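Just so it is clear, none of the values below were taken in a lab; they were calculated from the coordinates. The shown structure was predicted, so the numbers you read here are calculated from the model rather than taken from an experiment. Reconstructed Cβ throughout: ideal geometry from the backbone, glycine too, with neighbour counts over all protein chains shown.
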Amino acid sequence: MPSSRDPDTPRGAGDAGHRAHADYTGGVYGSMLAASVVIGAGSLGSFPRTELVLLLLVTSLVFWIAHVHAQLFGERLAQQAPNRRVVLRVCREEWPIVKAAVPPAAAVAVSPLLGLDVPGALWAALSVAVAGQVGWSMAAARRAGAPRRLVAVTASVNLLLGLLIVCFKIFLTH
């Protein structure tokens with residue numbers, strides 16, 4: 001039986017699983033990316049806070065563009081060329097990658113007001129990124145209709161992954 005699915009709509013776009021993936025997977029991924037950027041930013045130049053804020057935001061934008069490109073051309077090119085509506089929808093769906101970098105960047109930006117030195121700002125950004133990773137994963141599980149136990153499991157797994165990133169930071173700086 002032929003499908004009545006709109007060829008511009010990705011497979012599974014109507015189900016809760018796809019929406020949760022589209023809305024939150026990028027947030028979890030973007031938070032992990034932000035945490036990794038913070039770890040890799042150990043030796044910044046003469047304006048470390050400004051450079052870290054820019055590095056977080058620009059890196060997330062580059063990864064967002066890469067994800068949009070992969071979604072549009074990796075998945076859809078075989079079917080048909082994407083139109084403007086599809087491009088805009090994919091851009092929106094992948095935007096959480098960028099949104100996830102904003103809180104860690106904001107933590108760095110306000111760190112002088114909190115009396116934090118540069119290492120303190122790095123730890124604040126890393127903490128915010130890990131908290132974001134856990135939060136995005138819990139939101140995805142809730143939006144997908146997961147039972148509380150599964151929400152707790154995904155939060156725990158993401159917290160463990162975040163703590164693994166923290167362990168790398170400790171290992172790399174000592």
Exercise. Tell me, what HN-Hα J-couplings in whole Hz come from the Karplus equation 6.51 cos²θ - 1.76 cosθ + 1.60 at θ = phi - 60° for each residue of the range 101-109, using x for Gly and Pro?
Worked result: 7, 5, x, x, 5, 5, 4, 5, 4
Seminar exercise, completed: About its Cα centre, the range 16-173 carries a charge dipole, from +1 on Lys and Arg Cβ atoms and -1 on Asp and Glu Cβ atoms, whose size in debye to the nearest 20 is 600 debye
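FRET efficiency for residue 171 and residue 114, Cβ-Cβ distance as r, R0 = 25 Å, nearest 0.05?
0.45
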Seminar exercise, completed: Over all pairs of different Cα atoms in the range 16-173, the reciprocal of the mean inverse distance gives a Kirkwood radius in Å of 16.4 Å
For this session: Pull out the extension gain between residue 91 and residue 50, defined as 0.36 nm times the separation in residues minus the alpha carbon to alpha carbon distance; nm, one decimal.
Result: 12.1 nm
For this session: Take each of the peptides 146-156, 116-126, average the number of other beta-carbon atoms within 10 Å over its residues, and list them starting from the highest.
Result: 116-126, 146-156
Exercise. So what J values fall out for the range 148-161 if you push phi through Karplus, 6.51 cos²θ - 1.76 cosθ + 1.60 with θ = phi - 60°, rounded to Hz, Gly and Pro as x?
Worked result: 3, 4, 5, 4, 5, 5, 5, 5, 5, 4, 5, 5, 4, 5
